[in-house]
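S.K.: Dropping the structure in here first, questions after.
The values are calculated or read from the model by the stated rules, or taken from the named source; none is laboratory data. Bear in mind the structure is a predicted one, so any value in this text is a computation, not a measurement. We place every Cβ from the backbone using ideal geometry, glycine too, and count neighbours over all the protein chains shown.
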Amino acid sequence: MWNPHAGPLRIGIIGTGGIAHAHADALSTQENVELAVAVDLDPGRCREFAAKWGMQRTAPDLRTAAANGELDLVVICTPPASHMGLALEALAMDLHVVIEKPPALSLEQMSTLIKAEAASRGSVSCVFQHRFGSGAQRVLALHGAGRLGRPLVGTCNTLWFRNQAYFDVPWRGLWDVEGGGPTMGHGIHQFDLLVHLFGPWQEVTAFASKLARKTDTEDVSAGVVRFQSGAIATIMNSVISPRETSQLRLDFEHATLELEHLYGYDNDHWTLTPAPGSEELAELWAAAETNIPSGHSAQYSVILDQLKGGEVPPVSLAGAYPTMELAAAIYASSITEKTIRKGEINKGHAFFTRMDGHREPWKQQPAELSGEVPEKESANV
Ligand SMILES: NC(=O)c1ccc[n+]([C@@H]2O[C@H](COP(=O)([O-])OP(=O)(O)OC[C@H]3O[C@@H](n4cnc5c(N)ncnc54)[C@H](O)[C@@H]3O)[C@@H](O)[C@H]2O)c1
């Protein structure tokens, strides 16, 4: 366990591919941290990464990396299927863990991690970096102070474009490795923010389909969500939309808040339109004192502050669970053609152990895999 008075927080980064660089970059600007060891199955990539970020040690696995006891926190940047196993290993060593999205492949895995965290002196923070930009923080503060009134109507669009080559990487588009398509892997950032700002969700009715890519998962999903407050929002998750955008629109009683960005935002990506009679909200919104971009840096600032103070750092597993549960419910509703309520997907439910309910509705057939047949639209299932 880290004692901030005894020295810097010693960090190991596991998985040194694409997103690991965003972590190293964000951590290298924080005080009282040491990028201690890089871990990867690929020794060449690992060495290159360590050299770039000034890390003294490399290791092929976590056990070796932690063998000398000189680690306080590990950052898991590997493909999703390995997240739970690595986090369990780290928690068994009482290490703190930062885990990339999605934190696990299923609600069952989330529950296993929550139990392991309770038995460990370590903690787990799930990466949902869009919660930490000043725009989102200000919406929460205004809403918390009662200035915005009730949440009423929302739209949440993740309309991204990933070509076929993206899915040809061996671990992509497989239920066993990624846990799903754009619902689990892409739109999850944006609907995590929706739930974070709009409050607990209650039920969802959804459709998903595979329309344009050769993959085993959906390439688009859409849901209509009712929140406990009564608010209603739509969610679109797509990786087949040529004009890419990430949009969130939140209509509260007294103002509409809108966010449009792609992979990250700052204050300039937000607008507030007051309802008639609430014009003072526009002035309040324009008077922002800080502009913190969303991103790994913003989340790490809070994680490190909390760890220094001996507090549980955000986003906890319990804090990420409603987002993972919404992902599971979008899949369950799409595949079973039923409305799914929060709390319904529990132990014994097919969608508790796998996001596709073990049905693999869009699994490619051998002819598709060999490229012998043209891409076809699959039925909504
Ligand atoms: N938060 C974000 O904005 C964001 C963006 C992109 C990716 N991600 C997430 O980050 C994770 C990694 O994605 P990526 O695009 O960086 O992947 P990547 O394929 O570029 O890198 C993964 C690395 O992990 C290594 N690896 C695999 N299994 C390992 C293991 N058991 N032990 C050690 N090393 C192992 C691989 O050799 C590879 O170098 C995924 O969960 C992805 O969803 C998050």
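S.K.: Would you please name the residue that is surrounded by the most Cβ atoms within 10 Å (Cβ to Cβ), looking only at residues in the range 169-193 that are closer than 11 Å to Glu218 by Cα and touching a strand residue (DSSP E or B) at 6+ places or on another chain (Cβ under 7 Å)?
M.R.: This residue is Thr183.
S.K.: Inside the range 12-30, can you point out the residues that are under 21 Å from the mean Cα position of the chain (by Cα) and either at pLDDT below 95 or more than 10 Å from the ligand (Cβ to nearest atom) (or both)?
M.R.: Selection gives Gly12, Ala24, Asp25, Ala26, Leu27.
S.K.: So, one more: Out of the residues in the range 65-115 that are surrounded by 19 or more Cβ atoms within 10 Å (Cβ to Cβ) and of a type in the set (S, T, N, Q), state the one that is nearest to the ligand (Cβ to nearest atom).
M.R.: For the range 65-115, the residue satisfying everything is Thr78.
S.K.: Check the range 62-75 and report whether any residue there is acidic (Asp, Glu) and within 30 Å of Gly7 (Cα to Cα).
M.R.: Yes, some residue in the range 62-75 is acidic (Asp, Glu) and within 30 Å of Gly7 (Cα to Cα).
S.K.: Next question, about the same structure. Restricting to the range 49-64, count the residues that are within 10 Å of the ligand (Cβ to nearest atom) and either without any contact (Cβ under 8 Å) to a residue 40 or more places away in the chain or not in a helix (DSSP H, G or I) (or both). Spell out the reasoning first.
M.R.: Quick first cut of the range 49-64, residues within 10 Å of the ligand (Cβ to nearest atom) only: 49, 59-62.
Adding the requirement that they be either without any contact (Cβ under 8 Å) to a residue 40 or more places away in the chain or not in a helix (DSSP H, G or I) (or both) leaves 49, 59-61.
Counting residues in the range 49-64 that are within 10 Å of the ligand (Cβ to nearest atom) and either without any contact (Cβ under 8 Å) to a residue 40 or more places away in the chain or not in a helix (DSSP H, G or I) (or both) gives 4.
S.K.: Filter the range 31-42 down to the residues that are within 10 Å of the ligand (Cβ to nearest atom) and either acidic (Asp, Glu) or surrounded by fewer than 22 Cβ atoms within 10 Å (Cβ to Cβ) (or both) and list them by number.
M.R.: Asp40, Leu41, Asp42
For every residue, the table says whether it meets (1) without any contact (Cβ under 8 Å) to a residue 24 or more places away in the chain; (2) in a helix (DSSP H, G or I); (3) more than 17 Å from the chain's Cα centre (by Cα).
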{"residue": "Gly223", "(1), (2), (3)": "no, no, yes"}
{"residue": "Ala233", "(1), (2), (3)": "no, no, yes"}
{"residue": "Asp251", "(1), (2), (3)": "no, no, yes"}
{"residue": "Thr256", "(1), (2), (3)": "yes, no, yes"}
{"residue": "Trp285", "(1), (2), (3)": "no, yes, yes"}
{"residue": "Ile292", "(1), (2), (3)": "no, no, yes"}
{"residue": "Gln299", "(1), (2), (3)": "no, yes, no"}
{"residue": "Met324", "(1), (2), (3)": "no, yes, no"}
{"residue": "Ala328", "(1), (2), (3)": "no, yes, no"}
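S.K.: Just one of Glu70, Glu48, Glu34, Glu117 is at pLDDT below 95 and either aliphatic (A, V, I, L, M) or out of contact with any Cys (no Cβ under 8 Å at 6 or more places or on another chain) (or both); which is it? Even if it seems obvious, please write down each step before you answer.
M.R.: Details: Glu48 fails: at pLDDT below 95; Glu34 fails: at pLDDT below 95; Glu117 fails: at pLDDT below 95.
From the options Glu70, Glu48, Glu34, Glu117, the qualifying one is Glu70.
S.K.: Hey, can you tell me all the residues within the range 304-319 that are buried (at least 20 other Cβ atoms within 10 Å of the Cβ) and part of a loop (DSSP other than H, G, I, E, B)?
M.R.: Within the range 304-319, Pro313, Val315 meet the criteria.
S.K.: Report, ordered by the first and then the second residue, all pairs with beta carbons closer than 6 Å, sequence separation of six or more or different chains, a first member in the range 65-90 that is more than 20 Å from Thr112 (Cβ to Cβ), and a second member that is crowded, with 17+ Cβ neighbours inside 10 Å and acidic (Asp, Glu).
M.R.: Cys77/Glu100
S.K.: When you scan the range 213-221, do you find a residue that is of a type in the set (A, V, I, L, M) and either surrounded by 23 or more Cβ atoms within 10 Å (Cβ to Cβ) or in a loop (DSSP other than H, G, I, E, B) (or both), even just one?
M.R.: No, because not a single residue in the range 213-221 is of a type in the set (A, V, I, L, M) and either surrounded by 23 or more Cβ atoms within 10 Å (Cβ to Cβ) or in a loop (DSSP other than H, G, I, E, B) (or both).
S.K.: Residues of the range 191-212 being part of a loop (DSSP other than H, G, I, E, B) and free of Cβ contacts under 8 Å to residues at least 60 places away in the same chain, which ones?
M.R.: Passing the criteria: only Gly199.
S.K.: Cβ-Cβ distance below 9 Å, separation of 6 or more or different chains: which pairs start in the range 17-42 with a residue that is under 15 Å from Leu86 (Cβ atoms) and assigned to a helix (DSSP H, G or I) and end on one that is among the aliphatic types (A, V, I, L, M) and more than 12 Å from the ligand (Cβ to nearest atom)?
M.R.: Qualifying pairs under 9 Å: His23/Ile11.
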